[in-house]
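One structure is given below, encoded as structure tokens.
Laboratory data are not the source of any read-out in this text; all were calculated from the coordinates shown. Since this is a predicted model, take the numbers as computed values, not measurements. So basically every Cβ, Gly included, is an ideal-geometry build from the backbone, and we count neighbours across all protein chains shown.
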Amino acid sequence: MLNFFLTKKVVVKFILFYSFFTNYLSQKGFCAPSEEWETSKRHNASNKIDASLPSDNYLHIADQLRRNQASLLIQLRTGHIPLNVILHQVKRSDTPDCPHCKNGIQETIHHYLLTCPSYAGARRILQAKLKRDTSSIPFLIGTQIGIPHLLRYVSNTKRLAATFGEVRPDDDFKLKEKEPKTKQRRQRNEDEA
Ligand SMILES: [Zn+2]
């Protein structure tokens with residue numbers, strides 16, 4: 001029975017439900033998201049992804065990830081990731097500043113993924129692998145192509161390893177596209193026959 005509750009699917013669905021619920025509360029003003037994130041240029045684009053949670057397609061993606069990878073992704077998508085700007089809000093960090101840059105430069109998702117000079121090496125690898133502009137957070141955290149490379153970036157920075165452990169996927173890991181409904185139905189009919 002315990003095993004049933006701990007299966008990956010159940011855990012992933014719980015995380016999705018929890019994130020959807022907290023996101024709903026923050027949209028209704030019950031808990032305030034970070035001020036910088038609110039005013040960030042990326043906020044609107046990222047919010048569009050949140051608004052679709054929990055989508056069929058996202059469940060399909062999460063099903064192919066390990067539990068720690070799915071948790072990381074969902075926390076990035078909802079903005080509740082343990083970077084200093086969030087940790088400071090919940091009084092688990094003395095400062096919202098980036099541990100490398102300091103001087104009032106807050107450690108937001110945008111800063112961590114796109115601009116912090118401490119992770120320039122990891123960002124160069126990301127750019128070289130993707131062979132395209134990597135400055136779109138929705139692309140990195142919301143697409144089949146972006147997500148595996150994002151996980152490698154996070155692994156290379158080691159910044160979130162204490163929370164999530166090793167999130168690096170295998171070198172040949174690719175997320176499968178969701179099959180069209182008709183194909184799924186045909187497959188099911190063949191399996192049952
Ligand atoms: Zn920094």
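If packing is taken as the average count of other Cβ atoms within 10 Å, what order do 143-155, 74-86, 166-178 fall into, highest mean first?
Averaged packing, sorted descending, gives the order 74-86, 143-155, 166-178.
Work through the residues other than residue 119 whose Cβ is under 10 Å from its Cβ and net out their charges, Lys, Arg +1 and Asp, Glu -1.
Value of the local net charge: +4.
Pairs 102/178; 91/158; 102/176: which are spaced more than 32 Å apart, C-alpha to C-alpha?
102/178; 102/176
Show the residues, 5+ positions off or on another chain, whose built amide H is closer than 5 Å to the amide H of residue 106.
98
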